[in-house]
Each structure stands twice: as C-alpha cells, then as structure tokens.
Amino acid sequence: MSVSEFIPSLSRDANATRTSSRSRLVWGALIVVVLGGALWFGWGFLFPPQKRTPPPAGVRTAVAKQQDVTVVQHTVGTVVSPDMLQVTAQVTGMLAKANFQEGQLVKKGDPLFEIDARPFEAALAQAQGQLAKDQAILAGARVDLKRYQTLLGANAISKQTVDDQAATVAQNEGVVQADEAAVNTAKINVGYTRIISPIDGKTGPLMIQPGNVITAATSSTPLVTITQVQPIKLSFFLPQSQLTEIQNQMAAGKLWAIVSMPGAQGGQEKAKVDFISNAVGANTGTIELRATFLNADQRLVPGQNVDVGITIKDLPGAVVVPRDAVNLGPDTAYVYVVDQDKIVSSKTVKIMNDDGVRDAIEGGIKPGDRVVVEGQLRIVPGSKVQIRNRGPASDSDSPSSDMPS
C-alpha cells in the first residue's frame, strides 16, 4: 500500500472515533437529566411539603355587664331669661350719673342712675309753700265759721251768713287737698330722679351717657337693659311621640335636663324639668319643656344654644357593652362573641341606649359574655382568635379588667 492510500484511511478512523465520543456524551447527559427529574418528582411524592396554618387573629375583648341604665334623649336647647326689662326714665331731665359698670350684676333696689333733681326739688318746695298758704286760709275760715255759729245762736247773725261761711270752709278744704296732692306728686318726681334696679340681674350696655337730657318713659331708647341670669331657664322641644314617657318621668320626679358645660367644674349641670307646655306645636309635632338652672357660674347666657340631655326613661337590669363592641351592618347591629374555645360567633342586637361610651343592648348577648371590642376586621364567624387584652389580667373574666369604667 502506498503512503497516500494509508493517510486517508487514518483520517476516516479518527472521524469515526470523534463521532462515537459525541454520541456517548449526549446520551450520558440525557440519562442524567432523566434520573434527576425522576428523583425530584419521587422526593416530592414521598415527602410532600407541609402546609403552614396562619396563627389566630389577635383581638381585644370585654365582658358584658348587667346594670340599670337611664335613657338620655339629646336635643338642642335655648337659654331663656325668666325676666328681662328695659330701664327708662319716669321724668324728663339731665342724666347726672350712672352708678354701675356695664355688664355688672345688680340687686333689686340698687341705685342705677341719678337725674338732676334740683328742678324737681324746687317744684316740691313751691308746692309745699302753696299748701302752707292754703292751710292758713282754711284755718282762718274755720275760725270765722265757729264765730258765726256762736252769733247765730244769739240771733245776732243771719243763717245765710253762716251757710256761706261753711261753704267757704269746704272750698278751702278742697284747695288744701289739691295742694297736698301736688306736694305728693312733687315728692314722687324727686324720687324718680334716683332710678333703682327693679330686679336682680346683669346690666347690658349703657344706651345713654350721663350729661344727656333724657325724656320720660315715652322715649323709645332705654337707659339700659337688665337681664336675669340667676336662676335661668332652658327651653327645648321633644317629639310628641315621647309625651307619655315624659309625663311618667315627671310624675316620678325623674325627668332631668342635663347640660354639658365645657370648662366648668364637673363638666355638667343638671336641673329638674319644671314645665311642660299645654299644647303640641301643630307645625312641628313637638312639645316645649323647660328647666330652671341655678347658673352659679353664669356660663348659661340668654339666647345661647346648648346640647341638652333629657332622662327620658329607665332600663332596669339592661345588658351593657362598650360602644366599640357594637358593629353596624346595612340593616342591623351585631356583636362578635368569643366562647370558651375562643371561637367567634356573631349575635344580632338592638341598641336601646348609646351614651357615647357604652351601649345598652337587647338581643343574643347575656351578662358575662365576652365580646370583641378591637380587631373585628380580622375575624369572621367561626374563626378562632387569640385574646390580647391590655394589663396584667389580660385573659381574666373580670368585667373590671376588660371593660373601661
């Protein structure tokens, strides 16, 4: 064999060797992939992954109580002064002095104003002088009458003369009476120059300043307005549908009006309702009630609108829960209850009274039931919960540890 024939033979053998090696590598890779997949699926079948159960939702609870509850009806009331009057002058003259400060509390009989009294004192002196003069004339006429009567007994004078003198005495008596009336009128006018307060109350702004000439009571401008503020009344209206409850509470002496007084000591002031109107408003269907408050700190001002609560009825032995425990649905209210196994159920309730802190309810809740007050959005009926109340007695059934007082 020649060299040229030998060399191509060697090339063919080398190519066959390389092709065989590549085939073995490909088949080996396929076998590894197949074995790996089988091992992965087999491991998942033999050892399935464990499902993780979420922990129970954390909630805060309170224990339902049983207690007597007073239902309070809230409305808007208007403060009304029992007495308000305008002080005017009874005589015309110069206003000399004001004896009070604007906004001052005054008592009945306190001096308010002084009018220049000199013209009225002069008129009084003139009337007294005229009275004295006419009294002297009357005295002389009476002496003459007595003398004439003596002469008539001695037939020394005619009866006509005696009768004329008697008429003169009677005329002079009438003049004296008129003079006495004039003196009294002058004294009254002098008294009118000192204007006093007719009531206890608080003064308003001074409408006419000292130095001005004021006219008698016919003037349209008062000197000052005095308003009674202690005690003071509160007027409010309630629907006529509650009239029977109102009358029952008033007859039992339990109809109170409670006014919130921001900034006042205690925060509230209350008084018994002492007036129920004699008619229901035809247009509004409401009836007016009034209560009288002492108003010791003068926080109630005439014309002021205030929130007033009326103790409309009592609910003895009512079931009470915190306000946060009551959830409002589209049609009803409901409460979540946690049983001894910490499983949640939903109970439909009716709200009998809401004082802003606690609700008196009627329905499927019993005293001692544990109700959810926080975390309602994380639970549904039938779910298990974890109670996380605040404080050391976090899982106690004591109402005092769960429900705020």
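Candidates in the stretch 147-162 are the residues that are in a helix (DSSP H, G or I) and in contact with a helix residue (DSSP H, G or I) (Cβ under 9 Å, 6 or more places away or on another chain); of these, the one that is surrounded by the fewest Cβ atoms within 10 Å (Cβ to Cβ) is Lys159. If the requirement is being in contact (Cβ under 8 Å) with a residue 60 or more places away in the chain, buried (at least 18 other Cβ atoms within 10 Å of the Cβ) and at negative phi, which of these qualifies: Thr215, Thr203? On inspection, the qualifying residue turns out to be Thr203.
The residue pairs whose first member lies in the stretch 296-307 and is under 23 Å from Leu85 (Cβ atoms), whose second member is open to solvent by 70 Å² or more (accessible area, probe 1.4 Å), and whose beta carbons are closer than 6 Å, counting only pairs six or more residues apart or on different chains, do not exist in this structure. For Pro210, the stated conditions hold: it is closer than 30 Å to Ser81 by Cβ, open to solvent by 30 Å² or more (accessible area, probe 1.4 Å) and either part of a helix (DSSP H, G or I) or touching a strand residue (DSSP E or B) at 6+ places or on another chain (Cβ under 6 Å) (or both).
Among the residues making up the stretch 74-130, those that are open to solvent by less than 30 Å² (accessible area, probe 1.4 Å), in a loop (DSSP other than H, G, I, E, B) and of a type in the set (Gly, Ala, Ser) are Ser81, Ala89, Ala117.
Here Val169, Val229 are screened, and the one residue that is open to solvent by less than 40 Å² (accessible area, probe 1.4 Å) and in a helix (DSSP H, G or I) is Val169. Taking strands (runs of 3 or more DSSP E) as the structural unit, those lying wholly within the stretch 302-398 and holding at least 3 residues that are within 28 Å of the chain's Cα centre (by Cα) correspond to 305-322, 326-328, 344-354, 358-363. Kindly check whether there is at least one residue in the stretch 136-144 that is more than 30 Å from Ile287 (Cβ to Cβ), acidic (Asp, Glu) and exposed (fewer than 14 other Cβ atoms within 10 Å of the Cβ). Checked against the condition, which is being more than 30 Å from Ile287 (Cβ to Cβ), acidic (Asp, Glu) and exposed (fewer than 14 other Cβ atoms within 10 Å of the Cβ), the stretch 136-144 yields no hits at all.
Only one of the listed residues (Gly363, Gly356, Gly329) is more than 30 Å from Trp256 (Cα to Cα) and modelled with pLDDT under 90. That residue is Gly329.
Among the residues of the stretch 172-199 satisfying the criterion of being within 30 Å of Lys108 (Cβ to Cβ) and among the hydrophobic types (A, V, I, L, M, F, W, C), which is surrounded by the most Cβ atoms within 10 Å (Cβ to Cβ)? For the stretch 172-199, the residue satisfying everything is Ile195. Gln298 passes every criterion in (1) assigned to a strand (DSSP E or B); (2) under 18 Å from the mean Cα position of the chain (by Cα); (3) under 23 Å from Gly103 (Cα atoms) apart from (1).
The values are calculated or read from the model by the stated rules, or taken from the named source; none is laboratory data. The structure presented is a predicted model; accordingly, all values stated were derived computationally and were not measured. Cβ sites come from the backbone with ideal geometry, for glycine too, and all protein chains shown count toward neighbours. What goes into the accessible areas is simple: the full protein's heavy atoms, side chains included, and nothing from ligands, DNA or RNA. Shrake-Rupley method; radii C 1.70, N 1.55, O 1.52, S 1.80 Å.
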